[in-house]
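Visitor: The structure is given below, and queries will be raised subsequently.
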Amino acid sequence: MKFFLDTANIEDIKKANDLGLLDGVTTNPSLINKEGRDFEEVIKDIANTIKGPVSAEVTTYDYESMVEEARKLAKWADNVVVKIPMTRDGLKAINTLSKENIKTNCTLIFSVAQGLLAAKAGATYISPFIGRIDDMGEDGIRLIEDLKDVMVNYGFDTEIIAASIRTNKHLELSALAGADIATIPANIFEKLYSHPLTDKGIEGFKKDWEKFTGK
Ligand code: G3P
């Protein structure tokens, strides 16, 4: 499973990258807004910091503008992937961009049909938002499982990014459901390696070693 960080914060990205487990980054207009820095500057900064794909989202919503904006974003760095929202115009844009070898991440996926259409349009990635589905009292992980079946049934190369991850459990269940990638907020990423029993175990080993060595 590949790990992406779901943030536009360069310090968080450097910290996660330092662990050696980071495969990419995803951003969106809300995450860019949080940073209060120029969009292009932030994306170029991230793209220079990590080797893997960096999703930058379009901020226009009609077909012509999205394609034009996507071509511009794709030129910012070799590893930029253009995030396109799941709409009728978005699907058409993904289709056009895939023929130009511009990588796309179809975002705001909430149903199997949406994921299937995005894959058929040629999306490199699809991003089902599992946390937001759970917020509505539905089952986000079930969507990952179903999309995985569909991708396997038809041999699509499109990779599933489990997005809108809110808890460690979301990450674990996404891995079990076969998501190719999880895009993880920085605060969750830093919690993944911790467990109270690990800490307790280390304390016990330290104490016993001190007894053994007499220090
Ligand atoms: O990757 C999508 C993500 O940024 C949305 O997360 O927590 O706003 O639903 P959230």
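Visitor: Residues that are of a type in the set (Lys, Arg): find the strands (runs of 3 or more DSSP E) completely inside the range 54-144 holding 1 or more of those.
Guide: On the way: elements: 54-57, 80-85, 104-109, 125-128.
Here the list reads 80-85.
Visitor: Residues to consider are 29, 53, 85; find the one that is open to solvent by 40 Å² or more (accessible area, probe 1.4 Å), within 15 Å of the ligand (Cβ to nearest atom) and either acidic (Asp, Glu) or in contact with a strand residue (DSSP E or B) (Cβ under 8 Å, 6 or more places away or on another chain) (or both). Outline the logic, then answer.
Guide: Details: 53 fails: open to solvent by 40 Å² or more (accessible area, probe 1.4 Å); 85 fails: open to solvent by 40 Å² or more (accessible area, probe 1.4 Å).
Selected residue: 29, the only one of 29, 53, 85 that is open to solvent by 40 Å² or more (accessible area, probe 1.4 Å), within 15 Å of the ligand (Cβ to nearest atom) and either acidic (Asp, Glu) or in contact with a strand residue (DSSP E or B) (Cβ under 8 Å, 6 or more places away or on another chain) (or both).
Visitor: Do you know which residues across the range 176-186 are under 20 Å from residue 141 (Cβ atoms) and either of a type outside the set (Ser, Thr, Tyr) or part of a loop (DSSP other than H, G, I, E, B) (or both)?
Guide: Here is the first cut: in the range 176-186, the ones under 20 Å from residue 141 (Cβ atoms) are 176-185.
Of everything in the range 176-186, those that are under 20 Å from residue 141 (Cβ atoms) and either of a type outside the set (Ser, Thr, Tyr) or part of a loop (DSSP other than H, G, I, E, B) (or both) turn out to be 176, 177, 178, 179, 180, 181, 182, 184, 185.
Visitor: Report the residue count in the range 149-159 for those that are assigned to a helix (DSSP H, G or I) and β-branched (Val, Ile, Thr). Reasoning before the result, please.
Guide: Of the residues in the range 149-159, the ones assigned to a helix (DSSP H, G or I) are 149-154.
From what's left, β-branched (Val, Ile, Thr): 150, 152.
Here the count works out to 2.
A quick yes/no check of all residues on (1) of a type outside the set (Ser, Thr, Tyr); (2) within 17 Å of residue 2 (Cβ to Cβ); (3) away from the ligand (no atom under 16 Å from the Cβ); (4) not in a loop (DSSP other than H, G, I, E, B):
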position	(1), (2), (3), (4)
147	yes, yes, no, yes
161	yes, yes, no, yes
171	yes, yes, no, yes
174	no, yes, no, yes
188	yes, yes, no, yes
199	yes, no, yes, yes
206	yes, no, yes, yes
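Visitor: Just to check your reading of the model, which residue among 12, 23 is more than 21 Å from residue 123 (Cβ to Cβ), open to solvent by 20 Å² or more (accessible area, probe 1.4 Å) and either within 16 Å of the ligand (Cβ to nearest atom) or more than 15 Å from the chain's Cα centre (by Cα) (or both)?
Guide: Numbers: 23 fails: more than 21 Å from residue 123 (Cβ to Cβ).
The conditions single out 12.
Visitor: Any idea how many residues of the range 140-162 are in contact with a helix residue (DSSP H, G or I) (Cβ under 7 Å, 6 or more places away or on another chain) and not aromatic (Phe, Trp, Tyr)? Break it down stepwise before answering.
Guide: Step one: of the range 140-162, the residues in contact with a helix residue (DSSP H, G or I) (Cβ under 7 Å, 6 or more places away or on another chain) are 140-141, 143-144, 146-147, 150-151, 156, 158, 160, 162.
This time we only want the ones that are not aromatic (Phe, Trp, Tyr), so: 140-141, 143-144, 146-147, 150-151, 158, 160, 162.
Selection size over the range 140-162: 11.
Visitor: Okay, moving on. What are the pairs, 6+ residues apart or on separate chains, where a residue within the range 24-35 that is in contact (Cβ under 8 Å) with a residue 24 or more places away in the chain has its Cβ under 7 Å from a residue that is of a type in the set (Phe, Trp, Tyr) and assigned to a helix (DSSP H, G or I)?
Guide: 32/39
Visitor: Further question: Taking the stated definitions as given, is residue 134 free of Cβ contacts under 8 Å to residues at least 24 places away in the same chain and more than 22 Å from residue 90 (Cα to Cα)? Reasoning before the result, please.
Guide: On the way: free of Cβ contacts under 8 Å to residues at least 24 places away in the same chain: no; more than 22 Å from residue 90 (Cα to Cα): yes.
Answer is no for this residue.
Visitor: OK, next. Restricting attention to the range 91-119, and to residues there that are without any contact (Cβ under 8 Å) to a residue 24 or more places away in the chain and away from the ligand (no atom under 16 Å from the Cβ), which single residue is least open to solvent (accessible area, probe 1.4 Å)?
Guide: 113
Visitor: Still on this structure, I have one more. Determine whether residue 133 is β-branched (Val, Ile, Thr), within 16 Å of the ligand (Cβ to nearest atom) and more than 13 Å from the chain's Cα centre (by Cα). Steps first, answer last, please.
Guide: Details: β-branched (Val, Ile, Thr): yes; within 16 Å of the ligand (Cβ to nearest atom): yes; more than 13 Å from the chain's Cα centre (by Cα): yes.
The answer is yes for residue 133.
Visitor: Let me ask another. Pick from 68, 41: which is farther than 26 Å from residue 147 by Cβ, in contact with a Ser or Thr (Cβ under 9 Å, 6 or more places away or on another chain), of a type in the set (Asp, Glu) and away from the ligand (no atom under 15 Å from the Cβ)?
Guide: Details: 41 fails: in contact with a Ser or Thr (Cβ under 9 Å, 6 or more places away or on another chain).
68 is the lone residue from the list that is farther than 26 Å from residue 147 by Cβ, in contact with a Ser or Thr (Cβ under 9 Å, 6 or more places away or on another chain), of a type in the set (Asp, Glu) and away from the ligand (no atom under 15 Å from the Cβ).
The values are calculated or read from the model by the stated rules, or taken from the named source; none is laboratory data. Bear in mind that the values here come from a model prediction, so they are computed numbers and not experimental data. Quick reminder, even Gly has a Cβ in these numbers, built from the backbone with ideal geometry, and neighbours come from all protein chains shown. Protein only, heavy atoms only, side chains kept; ligands, DNA and RNA dropped before computing areas. Shrake-Rupley method; radii C 1.70, N 1.55, O 1.52, S 1.80 Å.
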